[in-house]
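Scroll down for the structure; my scribbles are underneath it.
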C-alpha cells in the first residue's frame with residue numbers, strides 16, 4: 001500500500017462561535033492528486049488554511065498527520081519545513097521586497113530548518129532560471145516587488161515558481177484558477193503538472209471542473225457543509241459540472 005503523505009481524521013474546526021469543519025476525513029497517498037470541489041461557504045478554503053496553520057481557527061477535534069507526524073502541533077514555519085505549501089486564492093502583495101529576494105530568503109530558511117546549507121547566489125540563480133523556464137517568468141518580473149502590480153496570471157505563476165523551488169511534499173492549491181484567463185490557466189497548469197511525481201502529493205481546491213481538464217486528479221471529493229460527502233474518480237467532476245451541488249448538499253443535510 002502506498003504510504004499516505006497526508007492523513008486527516010475527523011477534523012473539526014471553528015472560527016469564533018461558528019463551526020466550519022465538521023468531521024473531515026481524507027487520506028492522500030504519495031504521488032496522488034486529489035481535488036476538492038464544493039460551493040462557496042462549504043469550508044474548502046478553511047480546510048486549506050487549517051492545514052497551513054493560519055491563525056484564528058480553533059481545532060476542536062480530530063488530527064492531521066504529515067508523513068506520520070502531528071501537523072497540528074507544528075507552527076506554520078515548521079509545517080513549511082515539513083513540506084506543506086499553500087498556494088493562495090488571492091496572493092498578497094509585499095511592497096518593498098523584490099520577488100527574487102523573497103524567493104531566496106524562503107528557500108534558504110527552509111534549507112536551514114532542515115539542517116541543509118544555504119545556496120550560493122550562482123546556484124540560486126541557476127535554480128530560479130530552471131524553475132521559471134516553463135512559467136514564462138523573465139528576470140524583470142523577479143526584480144519587481146512581490147505581487148505588486150502583478151496580473152492574476154503573474155501572481156499564480158510566481159506561486160508555482162515558489163513551489164518549484166521549495167519542492168514541497170504536500171502542495172495545497174486553493175482555487176488556483178481564480179482570476180485566470182485560459183492562456184494563464186494553461187501556463188500555470190503546465191507548471192503544476194511538471195511537479196507531479198511519486199514523492200509529492202497535491203490537494204487541488206476548486207469550484208469548477210475546467211481546472212481539472214488541465215490538472216487531472218486521481219480522486220475527486222465533494223465538500224458540503226464542512227465535510228466530504230462523496231468521493232470518486234475524475235468523472236465525478238463532470239457530474240458536478242452538469243448537475244451542480246444540490247444533490248450533495250442534500251446528502252450533507
- May I ask you to give the average projected area over all directions of the convex hull of the Cα atoms of the stretch 4-252, in nm² rounded to one decimal? 13.2
- Distance histogram for the stretch 1-49 (every C-alpha pair counted, 5 angstrom bins, percent rounded to whole numbers): 5, 17, 26, 24, 15, 9, 4, 1
- Query: Summing -39500 (n - 2.57) over the DSSP H runs of n ≥ 4 in the chain and dividing by its residue number, what mean residue ellipticity at 222 nm do you reach, to the nearest 500 deg cm²/dmol?
  - Reply: -11000 deg cm²/dmol
- Return the whole-Å distance between the Cα centroid of the stretch 47-115 and the Cα centroid of the stretch 136-191. 17
- Message: Using a Gaussian network model on the chain with a 10 Å cutoff between Cα atoms, which of 169, 143, 155 fluctuates the most?
- Response: 143
- Tell me, what are the semi-axes, in whole angstrom and largest first, of the equivalent ellipsoid of the stretch 89-160 as set by the roots of 5 times the Cα gyration tensor eigenvalues? 21, 14, 11
- Task: May I have the convex hull volume per residue, in Å³, for the Cα set of the stretch 1-95?
- Result: 125
- Percentage relative contact order, the chain, counting C-alpha pairs under 8 Å, at least six apart: 28
- Message: Please compute the contact order of the stretch 144-234 in relative form: average sequence separation of alpha-carbon pairs under 8 Å and at least six residues apart, divided by the residue count, as a percent.
- Response: 26
- Item | Calculated P(r) of the stretch 135-186 - Cα pairs past 15 Å, % | 48
- Query: On the first, second and third principal axes, largest extent first, how far apart are the outermost C-alpha atoms of the stretch 49-125 in Å?
  - Reply: 46, 30, 15
- Query: Quick one: which of 176-185, 39-48 comes out on top by average Cβ neighbours within 10 Å, and what's the full order, highest first?
  - Reply: 39-48, 176-185
- Springs between alpha-carbon atoms under 10 Å, Gaussian network over the chain: tell me which of 172, 59, 205 tops the mean-square fluctuations. 59
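Read the figures in this text as sums done on the coordinates, not as results from a lab. Quantities reported herein were computed from a predicted structural model and do not represent experimental measurements. As a convention, Cβ positions derive from the backbone with ideal geometry for all residues, glycine included, and neighbour counts pool all protein chains shown.
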